[in-house]
Amino acid sequence: MIVERFADLTSRAASGDLDDWASDPEGRLALIVVLDQFSRSLWRGTPRAFAQDPAALSLAMEGFSNGHYTSLSMPWFRIAYSQPLGHCEGPDHLARIDLLIRLREEIAAQTPASLQPIYQSLVKQARDVRKVIAAFGRHPHRNQVLGRASTSAEEAYIAGGDFPHERAFRA
């Protein structure tokens, strides 16, 4: 459905044609979702699925500085907004994941008891991603798509098939 409904929009966002959306908090959130999430659906199995990660991260980081993140009214909006912190590979990845964990813990602490299981599972997921990045410095499950050679440790991890980003869909 994302491909059918949002392929043109995602292509436009990837080209920078929608950068003006970042002028307000909700527009910035929408642009982050398009770049960070829709790209993964639209270009699944290709390097382009991850090519927008730096742009999505830049939008998120700027929004932390300019108050857009804190002005978002719903906890779920903040979860979606912060996704690029864990997705975008790079030299400061562990520090960003630590920030992601702190943000998710803050969100979970403020949610009603009935929603705690889902928000706590998102904290755990971020911690699990941190373990992967701490061990490998990147997301090894992307290696084949990105044409990267895997280390023997990464090959063992990939063969295990237990990726934090997929666990929620198996539960």
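Among Ala135, Leu31, Val145, pick out the residue whose Cα is farthest towards the positive end of the charge dipole of the chain, where Lys and Arg carry +1 and Asp and Glu carry -1 on C-beta, about the Cα centre.
Most positive-ward Cα: Ala135.
Want the number for Ser11 to Lys131: 0.36 nm per residue separation, take away the alpha-carbon distance, what's left?
40.0 nm
Evaluate the relative contact order of the stretch 55-171 (contact order divided by residue number), counting alpha-carbon pairs under 8 angstrom at least 6 apart; express in whole percent.
20 percent
Assuming 0.36 nm per residue, please report the length gained on full extension of the stretch Ile118 to Glu106 beyond their Cα-Cα distance.
3.0 nm
What length, rounded to one decimal in nm, is gained on full extension from Trp76 through to Val3, with 0.36 nm per residue of separation minus their alpha-carbon distance?
24.0 nm
With θ taken as phi - 60° and the coefficients 6.51, -1.76 and 1.60, list the Karplus ³J(HN,Hα) couplings across the stretch 19-30 in order, rounded to whole Hz; mark glycine and proline as x.
So the Karplus estimates, Gly and Pro as x, are 4, 5, 4, 6, 6, 9, x, 5, x, 4, 4, 4 Hz.
Taking the Cα centre of the chain as origin, work out the dipole magnitude from +1 charges on Lys and Arg Cβ and -1 charges on Asp and Glu Cβ, in debye rounded to 20.
The dipole of the chain has a size of about 520 debye.
For the residue pair Leu94 and His165, what label-to-label distance in nm results when each label sits 7 Å from Cα along the Cα-to-beta-carbon direction?
Each label point is offset 7 Å from its Cα along the Cβ direction, giving 2.1 nm.
Show log10 I(q)/I(0) for the stretch 33-171 at q = 0.12, 0.15 Å⁻¹, two decimals, from a solvent-free Debye sum over equal Cα scatterers.
Result of the Debye calculation: -0.49, -0.78.
Rounded to the nearest whole Å², what accessible area per residue is found for the chain with the 1.4 Å probe? Walk me through the numbers before you get to the answer.
On the way: 9050 Å² over 171 residues.
So the chain comes to 53 Å² accessible per residue, rounded to a whole number.
Which ³J(HN,Hα) values, rounded to whole Hz and listed in residue order, are derived for the stretch 120-137 from phi using the Karplus coefficients 6.51, -1.76 and 1.60 in 6.51 cos²θ - 1.76 cosθ + 1.60 with θ = phi - 60°, glycine and proline given as x?
5, 5, 6, 5, 4, 4, 5, 5, 5, 5, 4, 4, 5, 5, 5, 6, 10, x
Tell me the carbon and sulfur percent of the accessible area for the stretch 69-115, rounded to whole percent, probe radius 1.4 Å.
Carbon with sulfur: 62 percent of the solvent-accessible area.
Calculate the FRET efficiency for Glu155 and Thr46 from the Cβ-Cβ distance with a Förster distance of 25 Å, rounded to the nearest 0.05.
Numbers: r = 22 Å, r/R0 = 0.86.
The formula returns an efficiency of 0.70 here.
The values are calculated or read from the model by the stated rules, or taken from the named source; none is laboratory data. Values in this document were obtained by computation on a predicted structure and should not be read as measured data. As a convention, Cβ positions derive from the backbone with ideal geometry for all residues, glycine included, and neighbour counts pool all protein chains shown. What goes into the accessible areas is simple: the full protein's heavy atoms, side chains included, and nothing from ligands, DNA or RNA. Shrake-Rupley method; radii C 1.70, N 1.55, O 1.52, S 1.80 Å.
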